[in-house]
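Peer 1: Next up is a structure, given as structure tokens.
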Amino acid sequence: MNLLKQSEGVVMLFLNKLFNKLSLFSRLFITSLLLLISFIAVLYFYAVKQVSALNTETRNEITTHIDEVHALYKEDGLEAVLDEYELEDTPKFDHQTFLSRLDEHEITFALLSADGELITGAESLTFQNGWHRKRYRFNDEMIQAIGFGKRFDDGTSLILQTPMNHDIYEVRRQTKQAVLLLIVFALVSFPVIYWVARNYLSAQSSQLAKQVFEVSNDPSNQRLEEYKSNHTFYGLGKSINQMLDEMTKVHKQAQTMTVGIAHDLKTPLSRVANRIQMMQQDLDDKAHMLTHIDKANSELQSIVQTFSNLIRLNEIESGKRKAGFKLLNVSDLVLELSESYAPVFEDAGKQLTISVVDGVRCLGDADLLNQLISNLLENALRYSEEQANVWIRLQSQFDGARLQIGDSGPGINSEIAAFVFERFYRADYSRKQPGNGLGLSIVKAICDLHDATITLLPNQAGAVFDIELPIER
């Protein structure tokens with residue numbers, strides 16, 4: 001069954017690709033041809049059904065007639081049969097008379113004795129058991145007859161033939177005429193349909209091209225008009241608008257990234273330049289020279305870190321790491337990393353509370369999940385208030401796991417909460433701290449890669465990041 005479905009899918013995909021490569025003329029021609037074949041098939045099956053019904057009616061009449069003739073012969077004798085069918089003068093008739101009776105649509109028969117001798121009827125009819133068809137030529141015309149032969153218990157045999165039902169010929173004639181009319185109609189209408197369709201599509205294409213040209217002058221703000229769902233270019237117009245939205249988003253991200261890089265490089269590069277000038281002034285003072293070198297090296301390391309984070313972010317967003325996902329014990333990972341941070345928070349005069357349930361597992365990248373947790377803990381360590389309470393919790397839920405990292409304050413202003421995951425975004429209060437505004441962007445990218453959702457919870461005393469992670473049960 002699965003193989004059949006797969007084969008059907010492959011065939012449909014092949015036909016779809018083939019149809020998409022065809023020209024408008026070819027598509028209309030194939031569509032018209034398929035419609036014509038469909039109509040002819042419907043007519044054919046209708047005709048077959050009608051002919052079958054008429055044949056059944058004729059056969060029922062023949063079998064009934066055979067039984068009536070035999071019953072009349074058995075009960076009332078030969079004279080009654082001759083009288084019933086007006087054969088008193090010619091109880092036995094030759095082939096020409098037989099054909100004449102068929103031509104006049106009369107039932108003809110031959111009643112044979114147990115010895116095979118003709119009792120009455122057509123001399124040219126020979127016994128043939130069961131149903132049969134015969135063709136005869138009479139007066140330069142063909143007569144098609146249907147017959148039935150039956151042998152009775154008393155040894156007598158009866159064969160009866162009658163012309164084919166005239167209605168059958170009429171059904172066949174009308175069907176042929178209808179098919180010819182359909183073919184003529186298709187041949188006449190196809191060029192007209194093609195001309196109308198080509199002109200309509202040409203007009204619609206010109207209108208779309210005009211709109212695209214207007215949009216190209218201001219792609220960030222202009223969009224194609226919304227087509228109705230039954231419009232020819234509904235799907236195309238919608239796709240173009242979606243593409244423009246995505247391009248605008250990428251363009252804005254590129255602008256933000258460019259400004260962010262310029263801003264993050266300007267300050268440390270200026271400091272490096274100042275240090276170099278100061279080094280020129282203090283060439284004879286070894287202690288000052290070492291201080292200048294250390295400071296310049298620190299600034300250069302900050303620049304290198306910015307580019308390293310950008311490369312890391314690009315690697316995560318590419319999705320390549322997903323191919324290497326493995327089943328991980330998230331509980332052990334969170335607990336081990338959190339405990340390693342506890343002394344760091346203690347040295348900073350802050351308290352880290354750890355609450356982790358056992359047995360939480362998920363498919364993921366251990367290195368990336370470690371970086372996610374580290375970035376959020378570093379964020380809490382750097383921006384939370386003095387003597388702050390920081391917590392990390394891992395809880396199991398019905399449809400996943402919840403990882404929460406938060407602090408007691410001062411939190412993030414609700415007006416800027418929507419921007420914290422953007423690249424290079426840094427709130428005013430955070431600019432006093434070292435950093436490049438990429439930490440939370442990397443966290444968001446790691447969550448997206450793991451099909452997890454991250455939310456900065458509103459109306460909290462501090463910054464509380466809530467992550468819902470799909471788990472493996």
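The values are calculated or read from the model by the stated rules, or taken from the named source; none is laboratory data. The model shown is predicted, which means the values in this text are computed figures rather than measured ones. Using ideal geometry, Cβ is built from the backbone for each residue, glycine included, and neighbour counts are taken over all protein chains shown.
Peer 1: Six or more apart or on different chains, Cβ under 7 Å: which pairs go from a residue in the range 44-60 that's within 25 Å of residue 180 (Cα to Cα) to one that's modelled with pLDDT of 80 or more? Could you list them?
Peer 2: 47/175
Peer 1: May I pose another question? List the strands (runs of 3 or more DSSP E) that sit entirely inside the range 325-420 and contain at least 2 residues that are charged (D, E, K, R) and in the same structural domain as residue 439 (by TED's automatic domain parsing). Even if it seems obvious, please write down each step before you answer.
Peer 2: Working: elements: 326-329, 351-356, 361-364, 389-397, 400-407.
The qualifying strands (runs of 3 or more DSSP E) are 400-407.
Peer 1: Restricting attention to the range 272-301, report how many residues are surrounded by 14 or more Cβ atoms within 10 Å (Cβ to Cβ) and among the β-branched types (Val, Ile, Thr).
Peer 2: 2
Peer 1: Moving to a separate point now. Which of the residues spanning the range 77-132 are small (Gly, Ala, Ser) and outside any helix (DSSP H, G or I)? Give the derivation first.
Peer 2: Taking the range 77-132 and keeping what is small (Gly, Ala, Ser), we get 77, 80, 100, 110, 113-114, 116, 121-122, 124, 130.
Hits for the range 77-132 are 77, 110, 113, 114, 116, 121, 122, 124, 130.
Peer 1: Looking at the range 141-149, is at least one residue touching a helix residue (DSSP H, G or I) at 6+ places or on another chain (Cβ under 9 Å), outside any helix (DSSP H, G or I), of a type in the set (Val, Ile, Thr) and over 25 Å from residue 53 (Cβ atoms)? So that I can check it myself, show each step before the final result.
Peer 2: Residues of the range 141-149 that are touching a helix residue (DSSP H, G or I) at 6+ places or on another chain (Cβ under 9 Å), as a first pass: 141, 143-149.
Narrowing the set further to residues that are outside any helix (DSSP H, G or I) leaves 141, 143-149.
After this cut, where a residue has to be of a type in the set (Val, Ile, Thr) as well, the list is 143, 146.
Filter once more, keeping what is over 25 Å from residue 53 (Cβ atoms): none.
Scanning the range 141-149 turns up no residue that is touching a helix residue (DSSP H, G or I) at 6+ places or on another chain (Cβ under 9 Å), outside any helix (DSSP H, G or I), of a type in the set (Val, Ile, Thr) and over 25 Å from residue 53 (Cβ atoms).
Peer 1: Could you go through the range 302-310 and let me know if any residue there is more than 25 Å from residue 395 (Cβ to Cβ), at pLDDT 75 or above, surrounded by fewer than 17 Cβ atoms within 10 Å (Cβ to Cβ) and not charged (D, E, K, R). Walk me through how you get there before you give the answer.
Peer 2: In the first step, residues of the range 302-310 are kept if they are more than 25 Å from residue 395 (Cβ to Cβ); the result is 302-310.
Now restrict to residues that are at pLDDT 75 or above: 304.
Narrowing the set further to residues that are surrounded by fewer than 17 Cβ atoms within 10 Å (Cβ to Cβ) leaves 304.
After this cut, where a residue has to be not charged (D, E, K, R) as well, the list is 304.
Yes, the range 302-310 contains at least one residue that is more than 25 Å from residue 395 (Cβ to Cβ), at pLDDT 75 or above, surrounded by fewer than 17 Cβ atoms within 10 Å (Cβ to Cβ) and not charged (D, E, K, R).
Peer 1: Assess whether residue 401 counts as being touching an Asp or Glu at 6+ places or on another chain (Cβ under 6 Å) and either among the basic types (Lys, Arg) or modelled with pLDDT of 85 or more (or both). Quick ask: steps written out before the conclusion?
Peer 2: Numbers: touching an Asp or Glu at 6+ places or on another chain (Cβ under 6 Å): no; either among the basic types (Lys, Arg) or modelled with pLDDT of 85 or more (or both): yes.
Against the criterion (touching an Asp or Glu at 6+ places or on another chain (Cβ under 6 Å) and either among the basic types (Lys, Arg) or modelled with pLDDT of 85 or more (or both)), residue 401 does not qualify.
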